[in-house]
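Enquirer: The structure's right below; bear with me while I get my questions together.
The values are calculated or read from the model by the stated rules, or taken from the named source; none is laboratory data. What you see is a predicted model, and the numbers here were worked out from it, not measured in a lab. All Cβ positions, glycine included, derive from the backbone under ideal geometry; neighbour counts span all protein chains shown.
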Amino acid sequence: MATLLATTFCAAGTVLAIPAHAQSGGTSKTCGLDSGELGGNCFLEAPGFPGGRVVVNIDATGSHPTPIRWRVVNLQGGGPICEGSYRPSDGPLTATCDSLPPGTLSLDTARPPLESATIGLSW
């Protein structure tokens, strides 16, 4: 399990690093060389979130040691509702955001150039 480098309280969300567990909805996406992208942000949209807890999963390749920010936004409710950072060199990240309002969520993060990342939101 990756070390969560920053715990941030945003809107109603609290971020905690925990193991993954069974989920009832969500989506994932891979960004990077296999998808024809060379660098930049990785963005995912997840409609139909019923509210409550969402699990954030990020698995980036490479040994990049610098912390990279990620954030979850409710596209129907405004700005970031949960955010943190990870280092690809630490391995995959699993974090949770609790007490979130329902709506369409997005997850975005940067990734190191010429690397790939798989990101996901589940509930």
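Enquirer: Can you tell which of G91, G79, G32, G40 is small (G, A, S), modelled with pLDDT under 95 and under 19 Å from L105 (Cβ atoms)?
Expert: Only one candidate qualifies: G79.
Enquirer: Might you let me know whether the stretch 35-51 holds any residue that is in a strand (DSSP E or B) and of a type in the set (S, T, Y)?
Expert: No: the stretch 35-51 contains no residue that is in a strand (DSSP E or B) and of a type in the set (S, T, Y).
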